[in-house]
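Heads up: the structure comes next, in structure tokens.
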Amino acid sequence: MSSIRTARSRLPGEFVAELYRAFPVHVAERILMGMTKRRPVTLRVNTIKASPREIMEELRSEGIKYRRVQWYPDAFVITNRRERDLEQLRSYQEGRVYLQSLSSMVPPLVLAPQAGESVLDIAAAPGSKATQMAALMENRGRIVAVDVDRLRAQRLAFNVERQGASIVEVVAGDGVAVAASSPEAFDRVLVDAPCSGEGLFLVDDPATYRPWSQKLRSRSTASQRRLLDAGVKALKPGGFLVYSTCTLNPEENELAVDHLLKRHGGLLEAVPIELDMPEWSPALEQVEGRILGPSVKHARRILPSEIMEGFFVALLKRTG
Ligand code: SAM
């Protein structure tokens with residue numbers, strides 16, 4: 001209880017008030033409680049270059065303790081080292097492992113790209129999910145990874161190179177323009193959108209919530225809608241699109257999906273997510289009394305916890 005009180009007093013007042021307006025009290029308090037936790041470092045084995053078995057041997061020989069993750073054999077939770085210690089490892093420097101939060105590993109697993117397919121990652125830097133998708137595709141097929149921010153696109157190119165993800169083509173530019181130039185070209189599209197980042201808030205780390213404002217939220221909402229709309233147009237009929245954010249409010253999540261479905265009426269629907277993960281929470285079925293389109297209920301939220309950051313994930317299928 002005292003943790004919830006501390007969270008309420010330190011986080012932006014407007015954010016806390018909206019949390020209680022948007023969610024039932026027990027969910028709002030679970031979220032606040034999750035924001036008081038310090039999460040362990042987690043890593044993903046880059047299966048383009050190494051196997052989980054090789055990495056386990058290496059971790060053991062370095063005295064590094066780990067736990068496996070039930071829903072993803074390539075993921076490891078490190079229990080006795082910090083991020084900067086792991087950055088010294090050869091396996092990190094040689095791109096055999098990638099430091100990535102567990103929640104961030106979820107959208108590529110939900111999108112489930114297959115070897116040989118063509119994939120658009122419309123907002124891709126620094127490349128956590130683009131390189132994960134290349135590994136899931138056994139580095140066969142094509143991933144176009146776009147980011148509008150030049151410096152971040154350079155970081156993306158560096159990570160792609162270090163991970164040996166040779167099927168990833170990095171484009172520094174506006175994802176909307178890239179998508180518009182390739183109508184109905186991709187089997188799968190990932191829209192891991194810029195967002196207000198509420199799922200990453202840590203009560204003890206003001207840098208995680210200082211940038212938050214209503215303005216940031218509105219700006220993010222506008223980019224999300226543009227990127228989503230463009231993403232749908234770049235999708236082949238029968239293709240799949242994952243929309244994900246690391247934020248919690250319904251405006252950037254359920255309402256973004258609802259808006260998209262209404263805009264592309266009949267062409268697109270949200271479909272059930274098959275990844276079986278105990279951390280899933282249901283999406284909201286109504287927002288401020290507004291009933292959402294019936295398929296929005298298939299989206300899922302991850303609430304912040306001692307192991308996971310807050311995230312939202314929706315899987316959409318282009319039907320027409
Ligand atoms: N998917 C990335 C990963 O897993 O490493 C994280 C993406 S981050 C949540 C959102 C990214 O969207 C930022 O790098 C930002 O520069 C980029 N972005 C924002 N607007 C964009 C646009 N119009 N076109 C392409 N990228 C954009």
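Brief remarks follow.
- Cβ-based net charge around Met105, under 9 Å, with every Lys or Arg adding one and every Asp or Glu removing one: +1
- 10 Å-binned pair-distance histogram of the stretch 1-145 (Cα, whole percent): 10, 32, 26, 23, 9, 0
- Kirkwood Rh in Å, taken over all unlike Cα pairs in the stretch 210-253: 11.8 Å
- Of all DSSP beta bridges confined to the stretch 33-169, the antiparallel ones make up roughly 65%.
- Two tests apply to each whole DSSP H helix in the chain, Cα reach of 20 Å or more along its axis and mean Kyte-Doolittle hydropathy of at least 1.0, and none passes both.
- The residues packed around Arg21, meaning those with a beta-carbon under 11 Å from its beta-carbon, carry a net charge of -3 if Lys and Arg are +1 and Asp and Glu are -1.
- Most to least packed among 224-233, 204-213 [average Cβ atoms within 10 Å]: 224-233, 204-213
- A Cβ-based charge dipole, computed about the Cα centre of the chain with Lys and Arg at +1 and Asp and Glu at -1, lands at about 360 debye.
- For the pair Ser2 and Ala172 in one chain, pulling the backbone fully straight at 0.36 nm per residue adds 56.6 nm over the alpha carbon distance.
- Most mobile of Arg219, Arg84, Arg96 in a GNM of the chain (Cα contacts under 10 Å): Arg84
- Listed residues Thr319, Ala115, Ser213: farthest to the positive end of the dipole of the chain (Cβ charges): Ser213
- Chain lengthening between Ala112 and Ser213 when straightened (0.36 nm per residue, less Cα-Cα): 33.0 nm
- Beta bridges from DSSP with both residues in the chain: antiparallel share about 60 percent, rounded to the nearest 5.
- Förster radius 35 Å - calculated FRET efficiency between Glu306 and Glu54, Cβ distance, rounded to 0.05: 0.80
- The value for the stretch 134-219 of Rg(Cα) / (2.2 N^0.38 Å) is 1.33.
- Eligible lysines near Lys49 by straight Cα distance, threshold 26 Å, same-chain separation 8 or greater: Lys65, Lys129
- Electrostatic dipole magnitude of the stretch 239-320 [Cβ: Lys, Arg +1; Asp, Glu -1; Cα centre; debye, to 20]: 440 debye
- Heavy-atom surface of the stretch 33-102, accessible at 1.4 Å and reported per residue (Å²): 53 Å²
- The modelled label-to-label distance for the pair Gln88/Trp71, using points 7 Å beyond Cα in the direction of Cβ, is 3.4 nm.
- GNM flexibility winner over the chain from Glu18, Glu251, Glu62 (Cα, springs under 10 Å): Glu62
- Given charges at Cβ of Lys, Arg, Asp, Glu: the stretch 185-251 dipole, positive-most of Thr245, Gly231, Ser196: Gly231
- Rg over Rh, two decimals, the stretch 137-275 (C-alpha only, Kirkwood Rh): 0.98
- Shape summary: the stretch 182-244 maps onto an equivalent ellipsoid whose semi-axes, from the alpha-carbon gyration tensor, are 31, 12, 6 Å in decreasing order.
- With every protein chain in place, the chain: carbon and sulfur % of accessible area (1.4 Å): 49 percent
- Whole-Hz ³J(HN,Hα) from phi, Karplus 6.51 cos²θ - 1.76 cosθ + 1.60, for the stretch 274-283, glycine and proline x: 8, 4, 8, 9, x, 7, 5, 10, x, 6
- Charged-residue dipole, Cβ positions (Lys, Arg, Asp, Glu), the stretch 49-195 about Cα centre, Debye nearest 20: 540 debye
- In the full protein context, the stretch 238-320 carries 40 Å² of accessible surface per residue, based on a 1.4 Å probe and ignoring ligands, DNA and RNA.
- Sorted largest first, the principal axis extents computed over the alpha-carbon atoms of the chain equal 55, 52, 35 Å.
The values are calculated or read from the model by the stated rules, or taken from the named source; none is laboratory data. Treat the numbers as computed from the prediction; the structure is a model and nothing was measured. Note that we place each Cβ from the backbone using ideal geometry, even for glycine, and neighbour counts take in every protein chain shown. To get the accessible areas, we keep the full protein, side chains included, count just its heavy atoms, and leave off ligands, DNA and RNA. Shrake-Rupley method; radii C 1.70, N 1.55, O 1.52, S 1.80 Å.
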